[in-house]
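**Student:** A single structure is presented below for examination.
The values are calculated or read from the model by the stated rules, or taken from the named source; none is laboratory data. Just so it is clear, the structure is predicted and the values come from calculations on it, not from any experiment. Here the Cβ is made from the backbone with ideal geometry for all residues, glycine too, and neighbour counts use every protein chain on show. Keep in mind that these areas ignore ligands, DNA and RNA; they rest on the heavy atoms of the full protein, side chains included. Shrake-Rupley method; radii C 1.70, N 1.55, O 1.52, S 1.80 Å.
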Amino acid sequence: LASGIASIAALLPNKPAKYRFCDFQSSDYRGLLGGELFEETEENPMIGMRGVTRLLTAKFGPALELEFEAIKKAREIGLSNIELMVGFCRTPEDGEAIKKRITSAGLGDLRIGMMAEIHSNYLQADEFADIFDFFLVGPRDLTQTAYAADRTNTALAKYGPDGKAPMKAVMTLLRNLEGREKDILIGSYALFQHLPEYLKVRSNNRLHFAELPDRIIEGMKSLCKLEERL
């Protein structure tokens, strides 16, 4: 893990390399070799024991400590551009708790951000902004929680991030972060295409386009067309 973090951070040493703490679902862990010996079965793992909720459990504690050690190893070779990010952070109280764990592990000097993918993240964005340095809007989980549609269920695939509800959730996030001077990364062009609306409320926050590697060429082409329109 340390090698993987370091190899990515070293590619662009003058740019931030964001490391996202483990956010597997219980079904992912059960699918690993021997996973059924340790992981219980959940009715709906997508909204179950995952993200920060899992990181804070005593059972997962040793694995979290190993993640801390991997990050510190990557830093030891001189990489100062590593930033940290947590996923599925349900409440500001959970945010405070995981930040305290990170700080106690000797990593409190790094920038720490969070995925914005649950309605509480948008409705209480001003409170989360007191804790975290940046936000990354996750399109798949945002869509899942906006429409109460399990993103692993192909029968519900028509509910996508290009719908109005996810876009309006991002608008709510931006309004609640006005004046906070935060970096806000918006995942997928499906969400980022609404940039004209976002710019009306971005205040002094900085908006960034984030896309998966296998879709980056398509995304950049779409971004160029959007910039021409603007």
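**Student:** Taking H placed 1.01 Å from N in the peptide plane, check which residues at least 5 places from Leu185 or on another chain put their amide H under 5 Å from its amide H.
**Tutor:** Those lying under 5 Å, H to H, from Leu185 are Phe135, Leu136, Val137, His208.
**Student:** I'd like the accessible area for Ser3, computed on protein heavy atoms only with a 1.4 Å probe and all protein chains in place. Round to 10 Å², please.
**Tutor:** 90
**Student:** With a 1.4 Å probe and all protein chains left in place, how much accessible area per residue does the chain have, in Å²?
**Tutor:** That works out to 53 Å² for each residue.
**Student:** Using only Cα atoms, what Kirkwood radius does the chain have, in angstroms?
**Tutor:** 18.7
**Student:** Applying 1/(1 + (r/R0)^6) with R0 = 41 Å to the Cβ-Cβ distance of Thr154 and Asp109, what FRET efficiency is obtained, to the nearest 0.05?
**Tutor:** Computed FRET efficiency for Thr154 and Asp109 comes out at 0.40.
**Student:** Over what distance in Å are the Cα centres of region 201-230 and region 1-41 separated?
**Tutor:** That distance is 26 Å.
**Student:** Expected output is a single nm value to one decimal: the length gained when fully extending between Leu123 and Glu228, i.e. 0.36 nm times separation in residues minus the C-alpha distance. What is it?
**Tutor:** Stretched out fully, the Leu123 to Glu228 stretch lengthens by 34.5 nm.
**Student:** Along each of its three principal axes, how wide is the spread of alpha-carbon positions in region 81-147, in whole angstrom units, largest first?
**Tutor:** 39, 24, 16
**Student:** Which FRET efficiency, nearest 0.05, do Asp130 and Ser203 yield, Cβ-Cβ r, R0 22 Å?
**Tutor:** 0.85
**Student:** Additional query: Taking the alpha-carbon centroid of each part, what is the distance from region 52-105 to region 171-188 in angstrom?
**Tutor:** When both Cα centres are located, 23 Å separates them.
**Student:** Any number yet on Rg/Rh for region 89-213, C-alpha, Kirkwood?
**Tutor:** Expressed as Rg/Rh, it is 0.98.
**Student:** Hey, any idea what % of region 1-153's accessible area is carbon plus sulfur with a 1.4 Å probe?
**Tutor:** The value for region 1-153 is 57 percent carbon and sulfur by accessible area.
**Student:** Name the shape class, rounded, prolate or oblate, that the alpha-carbon gyration tensor gives for region 163-230, where a ≥ b ≥ c are the square roots of its eigenvalues, rounded holds for a/c under 1.5, and otherwise prolate holds if a/b is larger than b/c and oblate otherwise.
**Tutor:** prolate
**Student:** Rounded to the nearest 500, what is the chain's calculated 222 nm mean residue ellipticity when only DSSP H runs of at least 4 contribute -39500 (n - 2.57) each, over all residues?
**Tutor:** Helices in the chain give a 222 nm mean residue ellipticity of -12000 deg cm²/dmol.
**Student:** Quick check: net charge around Tyr29, other residues with Cβ under 12 Å of its Cβ, Lys/Arg +1 and Asp/Glu -1?
**Tutor:** It works out to a net charge of -2.
**Student:** How much accessible surface does Tyr29 have with a 1.4 Å probe, in Å² rounded to 10?
**Tutor:** 40
**Student:** Region 180-230: which trypsin sites (Lys or Arg not before Pro) are DSSP loop and have at most 12 other beta-carbon atoms within 10 angstrom?
**Tutor:** Sparse-neighbourhood loop trypsin sites (Lys or Arg not before Pro): Lys200.
**Student:** How large is the accessible surface of Leu230 in square angstrom, using a 1.4 angstrom probe and rounding to the nearest 10?
**Tutor:** Probe radius 1.4 Å; accessible area of Leu230 about 110 Å².
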